[in-house]
Amino acid sequence: MNSYRRKAAILIALVSTVLAIVASTAASFVARENAEHATVQLAVEESRRMIGQLDIADLNGPDGQAVATRAARALAGGLFEVAEIYDRDGALLAEWNTREGERLQAQIDEHDGLQSRQPDYQGLHLPDGRWVLRVFVPLYGDQPADAAPTAYFEGVRVVPDWQRQNMLGATLTAALMAALAAIACGLAIYPIVVHLNKENDRKSRDLLKSHIALLEAMGKAVAKRDSDTGDHNYRVTNIAMAIGEKLGLADKPMRALLSGALLHDVGKIGVPDRILLKPGRLDDQEMALMRSHVPQGEDIVAGIPSLADARDVIAHHHEKWDGTGYPRGLAGEDIPLSARIFAVADVFDALCSPRPYKDAMSFDTAWGIIRDDAGSHFDPRVVEAFRPLARRLHRQHFGENGGRSREILERGIAKYFF
């Protein structure tokens, strides 16, 4: 499993788990509320049915107390342990308790009065662990629905264990189904996310390949103007990459180093051929024109986000550790590390390569120059990192088995860009 798939799996699993917890909690709450509501509705319907057999209007007449007593007695011992009837003003008319109801009364607080026009209830958990429902039912008789209640009924019911178990089972089932649904959604989403990422990854890789091809083409275009086959760009990039690895550069700065190495001399596009191809030493005016390739290179990549990482090498690879370089005369660690690394690679390649005006130097001669210029031209730390690599890199790029620079570079690009 690659890094993206692993991260996607972990993230989707976490989200699914959170959703499962939230959904199961919500589902269990709703299921419990529905179960309580169903129990209360049953109690309401039963109380209304039994009281409906009586003449509700008589509850507020001379015989109201006797009628209320008959109603309370009929309701107590069935669904309810405690049955109380109140008149329209909330005054108690009659109360009837079972033995269990008498014990319950000591544990239940007095209500604050009956004012609601709709049935209501309270779920109470008693200290002894029992669960009771306290039901309030307004009674209307034959009056219209918008009239004030004729009387009120209050009943207290102990929810039996079997009913509590049924409610608990329904709650757990609802919670489990909600949790499984959330997890199933996560399992269904994961392959879709992976598929979409593959498509996006393919397009990103195509775009990145195009970007790298552009870097290579621009570098080769300059190299060919400078009477080079393009191998110079491959060699210096590989040498710089090897030094960067020795110094422990992370992936992002390594990508910046490789991009800058491929485009380091892009500004030479603006240097006239009479200067660029002159076989002899350049005079001061010609040297000034040659050095202008640095700011011209900066101008070329300026404003192009995909080439921004190459700027440090393009702008500073001719700076020197002691501050005598150009174009800004930076010194020491004011010079970006990528440019300090590339400077060693660039000079080493120039010393070991033939030019129209010179022959290639031997490894010992070239390494001696690099070594001796540590602390003046080059960062001593970079030279020290290059020291154990130099002979191998020389054999690799200038020895009998040379000519594999592009193949080596392709492996490096695959490693750091893909």
Original post:
Accessible area per residue, 1.4 Å probe, Å², for segment 338-418: what's the number?
Top reply: 50
**OP:** Please label the shape of segment 329-389 as rounded, prolate or oblate, based on the square roots a ≥ b ≥ c of the eigenvalues of the alpha-carbon gyration tensor (a/c under 1.5 means rounded; beyond that, a/b larger than b/c means prolate, else oblate).
**Re:** prolate
Original post:
Which peptide among 119-127, 73-81, 237-245 comes first, and what is the full order, when sorted by highest mean count of other Cβ atoms within 10 Å?
Top reply: 237-245, 73-81, 119-127
**OP:** Convert each backbone phi in segment 181-194 into a coupling constant with the Karplus relation 6.51 cos²θ - 1.76 cosθ + 1.60 (shift: θ = phi - 60°), then list the ³J(HN,Hα) values in order as whole Hz, x for Gly and Pro.
**Re:** 5, 5, 5, 4, 4, x, 5, 6, 6, 3, x, 5, 4, 5
Subject >> Using θ = phi - 60° and Karplus 6.51 cos²θ - 1.76 cosθ + 1.60, couplings along segment 241-249 (whole Hz; Gly, Pro as x) >> reply: 4, 5, 5, x, 5, 4, 7, x, 4
**OP:** Using a 10 Å cut-off on Cβ atoms, rank the peptides 20-28, 83-91, 339-347 from the highest mean neighbour count down.
**Re:** 339-347, 83-91, 20-28
Original post:
So how strong a dipole does segment 291-418 carry about its Cα centre when Lys and Arg Cβ are +1 and Asp and Glu Cβ are -1, to the nearest 20 debye?
Top reply: 400
Subject >> Net +/- balance of residues flanking Asp309 in space, Cβ distance below 10 Å, scoring K and R +1, D and E -1 >> reply: +2
Original post:
What order, most packed first, do the peptides 375-381, 281-287, 153-159 have when packing is the mean number of other Cβ atoms within 10 Å of each residue?
Top reply: 153-159, 375-381, 281-287
**OP:** Skip the ligands, DNA and RNA, and give the accessible area per residue of segment 244-318 with a 1.4 Å probe, whole Å².
**Re:** 48
Original post:
What's the FRET efficiency of Lys358 with Leu196 using the Cβ-Cβ distance as r and R₀ = 45 Å, to the nearest 0.05?
Top reply: 0.20
Original post:
In nm, to one decimal, how far is the Ala26 label point from the Ala331 one, both placed 7 Å along Cα→Cβ?
Top reply: 6.8
**OP:** Starting from the amide H of Tyr121, placed 1.01 Å from N in the peptide plane, find each other amide H under 5 Å away whose residue is 5 or more places distant or on another chain.
**Re:** Phe136
Original post:
In whole percent, how big is the carbon plus sulfur part of the accessible area of segment 221-324, probe 1.4 Å, protein atoms only?
Top reply: 50
Original post:
Using unit Cβ charges (K, R positive; D, E negative) and no other charged atoms, how large, in debye to the nearest 20, is the dipole of segment 360-414 about its Cα centre?
Top reply: 220
Subject >> Cross-link pairs beyond the 25 Å C-alpha cut-off, checked among Lys220/Lys246; Lys220/Lys415; Lys320/Lys358; Lys268/Lys320; Lys220/Lys358 >> reply: Lys220/Lys246
**OP:** With a probe of 1.4 Å, find how much accessible area segment 68-129 has per residue, and write the answer as a whole number in Å².
**Re:** 61
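The values are calculated or read from the model by the stated rules, or taken from the named source; none is laboratory data. Everything numeric in this text was worked out from a predicted model, so none of it was measured. Cβ: placed from backbone, ideal geometry, glycine included. Neighbour counts: every protein chain shown. What goes into the accessible areas is simple: the full protein's heavy atoms, side chains included, and nothing from ligands, DNA or RNA. Shrake-Rupley method; radii C 1.70, N 1.55, O 1.52, S 1.80 Å.
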